[in-house]
1. Can you find, among G168, A138, G88, the residue sitting farthest towards the positive end of the charge dipole of the stretch 78-169, where Lys and Arg contribute +1 and Asp and Glu -1 at Cβ?
2. I want to verify a result. In a Gaussian network model of the chain, Cα cutoff 10 Å, which of these has the top mean-square fluctuation: Q112, Q54, Q309?
3. Given points 7 Å out from each Cα along the Cα-Cβ axis, report the E299 to R126 separation in nanometres with one decimal.
4. Taking the Cα centroid of the stretch 61-93 and of the stretch 134-198, what is the distance between the two, rounded to the nearest whole Å?
5. Past 26 Å, Cα to Cα: identify those pairs from K79/K404; K14/K53; K194/K397; K50/K373; K79/K100, in the order given.
6. According to the square roots a ≥ b ≥ c of the eigenvalues of the Cα gyration tensor, what is the shape class of the stretch 99-138, taking rounded for a/c under 1.5, prolate for a/b larger than b/c otherwise, and oblate for the remainder?
7. What is the gain in length, in nm to one decimal, between E390 and R21 on full extension, counting 0.36 nm per residue of separation less the C-alpha to C-alpha distance?
8. What does the charge dipole of the chain about its Cα centre add up to, to the nearest 20 debye, if the Cβ of each Lys and Arg holds +1 and the Cβ of each Asp and Glu holds -1?
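Taken together, the values in this text are just the output of simple stated rules run on the coordinates, not laboratory data. It should be emphasised that the depicted structure is a prediction, and the values quoted were computed from it without experimental measurement. Every residue, glycine as well, gets a Cβ built from its backbone with ideal geometry; the counts of neighbours run over all protein chains shown.
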Amino acid sequence: MSTVKQFPTPHFSKPVHWFSRIAGALYVRSALGINELRIANPHVLGQEVKAFKQGRQSLILAFRHTAKEDAPALLVAVKQSHLCFLYGRDVLNWAGNATKFLFPRLGFVAVQNRGNNKEGMHYLRREVQQGRWPIALAPEGQVTYHCHRCEPIEMGVANLASWALESGKDVCILPIAVGYRYRDSLDALLERWKKETGLDLTRAGNRQRLGEACDKSLALVASFFGLVLPSDPDFITRRNLLCEALLALGEEQAHLKAGQGTILDRLFRLRYQGEDTLFNQEETPHALVEGAKAAYEQEQARHFLRISQVVDILEYLDPSYLDEGEEGNRLFEVALNLLDINNRLCGGSINTRYSPRGKRATILVGEPIRFEKHSPQQGGRRKRLSLIHEAVYQGLKKTSRELKP
């Protein structure tokens, strides 16, 4: 096995940046299938980027990450400045050689949720304090698959803003929601689901059919992994119990201590255990002797990585999402998540998730969240972090509710 560096050092390249600006729009249209891409409230973005370039503030773009298209769409849509994106360390393992080449040379910084990433933190602190470009990150920590619902966020954005304040800069955080309008019909998506699963839907009405498909998908997942589906009448309780059973199975295979932390904590731990087994093994003089053992460990890693991939999407399957607002786009999101469960059961990942072509993308720039370097209300560091964290969370929730793709 070849050695893969766990931290890909950012080294910005102007020629690569120029190439990305030229080729980006073509990639978004031809590879990602986005026919229309627009920014809502572009004047807000323009004003804040201008203030950043004039050295009057640090600028952080906190975006809702609900689809694999989000970051490329945002990079192409923001014309006023290059952006320094934060991305999950595991992305380079599955996103292909082009991504491995481009991300470090665009100055992007790899991070690891729930992990020790001292090199990444060093680069991030320097970036936010020196301020070559605005920083773009997804505060929820991973893709959450719902454009109109914000999940709890991580503390990373608060730490970044605090570092900037400590270096004597005002900080502006822009909450951003990204949404998509799909050309496919809901009937076409459900027919695709029926064909992939071999199951039928007997109920009438869009919500009823999606609810039935959600129930049957839980049973399908349980059967696939040889588990007993919990019988609780509440869908979310059944789903969570199934996710916990899946994680316990994966933790057993990965020789991890079972049941420590939230579903998301356990998911990250299982994911990186598998990723490191498959992609970050060092070569040794005894590689040939240990080849059989390594092959066995890799096969086990593929098994529990598949479990982590299924839980990654299953934990966001929720038919009650349809009741939280205008149902139009929500119907498609739930249907696409159902299809993605099939994709993960077949060994896929977000990289192979089905996403209809010919879609329209809207990037909604929300109301700026400002923190002044000498503000007396900020108090100590802990209070300041809590204040920033809550303000960003509320800003993202508000922007998600206001999004109209």
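1. Of the options given, the answer is G168.
2. Judging by the Gaussian network model, the answer is Q54.
3. It is 4.4 nm.
4. 10
5. On the way: K79/K404 22 Å; K14/K53 18 Å; K194/K397 34 Å; K50/K373 19 Å; K79/K100 24 Å.
Violating the 26 Å Cα-Cα cut-off are K194/K397.
6. Values: a/c = 1.68, a/b = 1.05, b/c = 1.60.
Oblate, since a/c reaches 1.5 and b/c is not below a/b.
7. 129.4 nm
8. Computed about the Cα centre, the dipole is about 1600 debye.
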